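> Before I ask anything, let me first share the structure, which is written out below as structure tokens.
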Amino acid sequence: GKVRAPTHIISTISDDRGEEPCYAGVPMSNIIERGYGVGDVISLLWFKRSLPRYCTQFIEICIMLCADHGPCVSGAHNTIVTARAGKDLVSSLVSGLLTIGPRFGGAIDDAARYFKDAYDRSLTPYEFVEGMKKKGIRVPGIGHRIKRGDNRDKRVELLQKFARTHFPSVKYMEYAVQVETYTLSKANNLVLNVDGAIGSLFLDLLAGSGMFSKQEIDEIVEIGYLNGLFVLARSIGLIGHTFDQKRLKQPLYRHPWEDVLYTK
Ligand code: ACO
Ligand code: LMR
């Protein structure tokens, strides 16, 4: 029989050995001929399967909506300062990406984890939010620096509208909205933010599409695939900010003394 030498690497998502590269077994020519988009490529390379059109469209909408949020947010600020320090594209990009985390853009996975756990255990929004408070954990996916109950995040509305029209079920999203109704009754800045909207809606995508087993959904949530959407999306904007600063020939940034409280 065949004797197979042990390998040092196992890879299951792509293959470059044939005439053309394949993503999850689908040859590149099929991807192009069938008019696949970036949502389909993400489905193949991240989830190792082709997803229905409404799912790939949802993924693409997430990417478009999260591509940028102006120059003042953590990521763009870091990228701008780095580009102005004369650093190259990759350095400027990663400097911005490194700010993505539990407070900024990287709360999607935790939002999915906590909303899923609370919904699956049939916790009321009150029990969920007050339970988190007792544990001293801020609810991921809730709260924003500038968005308010009376100045909602348009991106969240757009995602919800798309899902309500195209998803077979939006039970996790509806739960997140009930949580938001409760948190807004406590403080006006405790809106469902874009991380929370994507986290809850992705649970609906995974559960409602019929394309994933319960075990696979648990694994996706546990490993934490979903912050990848924000990282990928925001890279588009951060690259744009790098080019912008270089095009404008902006000098080295130095923060003004007046804006620092020097104290002992
Ligand atoms: N859950 C519960 N209570 C909260 C939350 C939350 N998610 N956010 C704020 N609060 C309450 C707390 O009582 C907080 O007081 P504390 O500092 O004693 O905990 C009070 O509101 C005021 O909080 P601030 O720090 O002034 O709020 P800020 O505007 O600075 O925070 C932030 C905004 C960082 C987004 C915060 O709401 C948070 O940590 N949310 C959870 C993480 C998250 O979802 N991040 C993604 C944001 S969207 C994006 O980045 C694309
Ligand atoms: C973003 O998308 O960068 C934001 O929601 C964060 C912010 O502070 O606006």
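The values are calculated or read from the model by the stated rules, or taken from the named source; none is laboratory data. Small disclaimer: the values here were computed from a predicted structure and weren't measured. In this analysis, Cβ positions are derived from the backbone assuming ideal geometry, glycine residues included, and neighbour counts consider all displayed protein chains.
> Among (1) over 20 Å from the mean Cα position of the chain (by Cα); (2) within 16 Å of ligand 2 (Cβ to nearest atom), which single condition is GLY86 missing?
Single failed check for GLY86: (2).
> Which one of these is part of a loop (DSSP other than H, G, I, E, B), more than 17 Å from the chain's Cα centre (by Cα) and under 19 Å from GLY75 (Cα atoms): LEU190, LEU261, LEU252?
Working: LEU190 fails: under 19 Å from GLY75 (Cα atoms); LEU261 fails: under 19 Å from GLY75 (Cα atoms).
Exactly one residue qualifies, and that residue is LEU252.
> Of all residues in segment 43-80, how many are under 13 Å from the mean Cα position of the chain (by Cα) and either within 16 Å of ligand 1 (Cβ to nearest atom) or buried (at least 18 other Cβ atoms within 10 Å of the Cβ) (or both)? Let's see the steps before the verdict.
In the first step, residues of segment 43-80 are kept if they are under 13 Å from the mean Cα position of the chain (by Cα); the result is 58-68.
Subsequent filtering for residues that are either within 16 Å of ligand 1 (Cβ to nearest atom) or buried (at least 18 other Cβ atoms within 10 Å of the Cβ) (or both) retains 58-59, 61-68.
Count: 10.
> Among the residues of segment 150-187, which ones are assigned to a loop (DSSP other than H, G, I, E, B) and away from ligand 2 (no atom under 16 Å from the Cβ)? Break it down stepwise before answering.
Initially, segment 150-187 is screened for residues assigned to a loop (DSSP other than H, G, I, E, B), giving 150, 152-153, 167-170, 187.
If the condition is that a residue be assigned to a loop (DSSP other than H, G, I, E, B) and away from ligand 2 (no atom under 16 Å from the Cβ), then ASP150, PHE167, PRO168, SER169, VAL170, ALA187 are the ones that fit.
> Exactly one condition in (1) over 16 Å from PHE115 (Cβ atoms); (2) out of contact with any Pro (no Cβ under 9 Å at 6 or more places or on another chain); (3) part of a loop (DSSP other than H, G, I, E, B) is false for GLU219; which is it?
GLU219 satisfies all of (1) over 16 Å from PHE115 (Cβ atoms); (2) out of contact with any Pro (no Cβ under 9 Å at 6 or more places or on another chain); (3) part of a loop (DSSP other than H, G, I, E, B) except (3).
> Residues in segment 202-224: is at least one among the hydrophobic types (A, V, I, L, M, F, W, C), surrounded by 19 or more Cβ atoms within 10 Å (Cβ to Cβ), within 16 Å of ligand 2 (Cβ to nearest atom) and at pLDDT 95 or above?
No, segment 202-224 contains no residue that is among the hydrophobic types (A, V, I, L, M, F, W, C), surrounded by 19 or more Cβ atoms within 10 Å (Cβ to Cβ), within 16 Å of ligand 2 (Cβ to nearest atom) and at pLDDT 95 or above.
> Considering only residues that are modelled with pLDDT of 95 or more and of a type in the set (A, V, I, L, M, F, W, C), look in segment 137-159 and name the one that is surrounded by the fewest Cβ atoms within 10 Å (Cβ to Cβ).
Among them, the one singled out is ILE137.
> Consider segment 20-70. How many of its residues are assigned to a loop (DSSP other than H, G, I, E, B), charged (D, E, K, R) and farther than 27 Å from LEU238 by Cα? Explain how you work it out, then say what you get.
Just the residues of segment 20-70 that are assigned to a loop (DSSP other than H, G, I, E, B), to begin with: 20-21, 24-25, 34-37, 48-52, 66-70.
In the following step, the residues that additionally are charged (D, E, K, R) were identified as 20, 34, 48-49, 68.
Narrowing the set further to residues that are farther than 27 Å from LEU238 by Cα leaves 20, 34, 48-49.
Of the residues in that region, 4 qualify.
> Given the residues PHE128, PHE167, PHE162, which is the only one that is aromatic (Phe, Trp, Tyr) and surrounded by fewer than 19 Cβ atoms within 10 Å (Cβ to Cβ)?
Details: PHE128 fails: surrounded by fewer than 19 Cβ atoms within 10 Å (Cβ to Cβ); PHE167 fails: surrounded by fewer than 19 Cβ atoms within 10 Å (Cβ to Cβ).
The conditions single out PHE162.
> Within segment 222-240, which residues are under 19 Å from LEU159 (Cβ atoms) and either among the small types (Gly, Ala, Ser) or assigned to a helix (DSSP H, G or I) (or both)? Step through it out loud before you land on a result.
Looking only at segment 222-240, we keep the residues that are under 19 Å from LEU159 (Cβ atoms), and these are 225-234, 236-237.
Within segment 222-240, ASN227, GLY228, LEU229, PHE230, VAL231, LEU232, ALA233, ARG234, ILE236, GLY237 meet the criteria.
> Consider segment 110-140. How many of its residues are within 16 Å of ligand 2 (Cβ to nearest atom), in contact (Cβ under 8 Å) with a residue 12 or more places away in the chain and not aliphatic (A, V, I, L, M)?
Adding up the residues that qualify gives 2.
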